[in-house]
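No value in this document is a laboratory result; all are computed from the given coordinates. Remember, it's a predicted structure, so these values are computed and weren't measured experimentally. Here Cβ is always computed from backbone atoms with ideal geometry, including for glycine, and neighbour counts include all displayed protein chains.
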Amino acid sequence: MTSIRTTLKQLGITEWQLRPYANPAISEAPSVSLDTLNQCILHCQRCPLSQTRKQAIFGIGNPKAKLMLIGEQPDAHTDATKLPFTGPVGELLTKMLAAIEQTPDSVYLTTLVKCHPLDNRSPFGNEIAECLPYLQQQIALVQPKVILTMGPLAIQSLLAYKTSLATLRGQTLAFGDTRIPIIASYTPAYLLHNPSDKRGAFQDLLRVAALLKEVPR
Ligand code: SF4
């Protein structure tokens, strides 16, 4: 597997500062840009998902968004089309955002791992460990005021917790030294198959909206 440093070197980028895995204590912006990080991810071969993906999906939306959404992985539709807000999952996500007066263009959307696992299985621990530094860098670059994680793996990996999503939901968590507030919720894909939990997801969104209202414009 090619290292991030090697990939960046091939791209002529030398200022990369690799942060430790599973260390959420990011309090300063890295020296690379989102575009540079994007290029690195597009060429990434750090884990086996690089062998089966159609394309790596970096992130989309407003790079200065107050709200960052973090899902678990690109779905098959996004892997094929590179369009995260289309297909059944994307359409539900768009409706969820509308409920708190947000749009796909007002937020920044990314995922825990950037490449789609075949058969839509959950990513393995080694795949998450290899990809997590990218997410940490994205948070440091976008510097959102509020983070909404979608799915258990996203919140557990970001905070290095083993606690269940059921326990973490309903709390306002915080990201490392930055103390960026995090609300943990379900993935849209889960909600498509478990519509009875949409009410709980709406409560999570209301918490996000309340936190956003506290942020100066
Ligand atoms: S999932 Fe992440 S670490 Fe693995 S190949 Fe894709 S971008 Fe690289």
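Past the 29 Å Cα-Cα mark, which pairs from LYS54/LYS145; LYS54/LYS213; LYS114/LYS198; LYS145/LYS198; LYS64/LYS114? Cα-Cα > 29 Å for LYS54/LYS145; LYS54/LYS213; rest within. Using only Cα coordinates, the Kirkwood hydrodynamic radius of the stretch 49-165 works out to 14.4 Å. With the cut-off at 30 Å, report for the chain the share of all Cα pairs above it, as a whole percent. Roughly 16 percent, rounded to a whole number. Computed about the Cα centre, the dipole magnitude for the stretch 117-217 is approximately 420 debye when only Lys and Arg (+1) and Asp and Glu (-1) carry charge, each at its Cβ. The calculated 222 nm mean residue ellipticity attributable to helices in the chain amounts to -11500 deg cm²/dmol, summing -39500 (n - 2.57) over DSSP H runs of n ≥ 4 and dividing by all residues. With a ≥ b ≥ c the root eigenvalues of the C-alpha gyration tensor of the stretch 138-217, is it rounded (a/c under 1.5), prolate (a/b larger than b/c) or oblate? Note, shape of the stretch 138-217 comes out oblate.
Between 0 and 90 degrees, rounded to the nearest ten: what's the tilt of helix 87-98 against the longest Cα principal axis of the chain? The angle comes out near 60 degrees.
Taking a ≥ b ≥ c as the square roots of the eigenvalues of the Cα gyration tensor of the stretch 106-160, is the shape rounded (a/c under 1.5), prolate (a/b larger than b/c) or oblate? Judged from the Cα gyration tensor, the stretch 106-160 comes out prolate (a/c at least 1.5, a/b above b/c). Packing around the peptides 105-113, 148-156, taken as the average count of other Cβ atoms within 10 Å per residue, puts them in this order, highest first: 148-156, 105-113. Residues whose amide H lies under 5 Å from that of SER185, counting only those 5 or more places away or on a different chain, are THR149, MET150, GLY151; hydrogens are built 1.01 Å from N in the peptide plane.
When the square roots of the Cα gyration tensor eigenvalues are ordered a ≥ b ≥ c, the ratio a/c for the stretch 51-101 is 1.5 or more and a/b does not exceed b/c, which makes its shape oblate.
Relative contact order of the chain, taken over Cα pairs closer than 8 Å and 6 or more residues apart, is 24 percent.
Take every DSSP beta bridge whose two residues both sit in the chain, then give the antiparallel share in percent to the nearest 5.
Antiparallel bridges: around 35 percent, rounded to the nearest 5.
Taking the longest Cα principal axis of the chain as reference, the axis of helix 125-142 is set at about 80 degrees.
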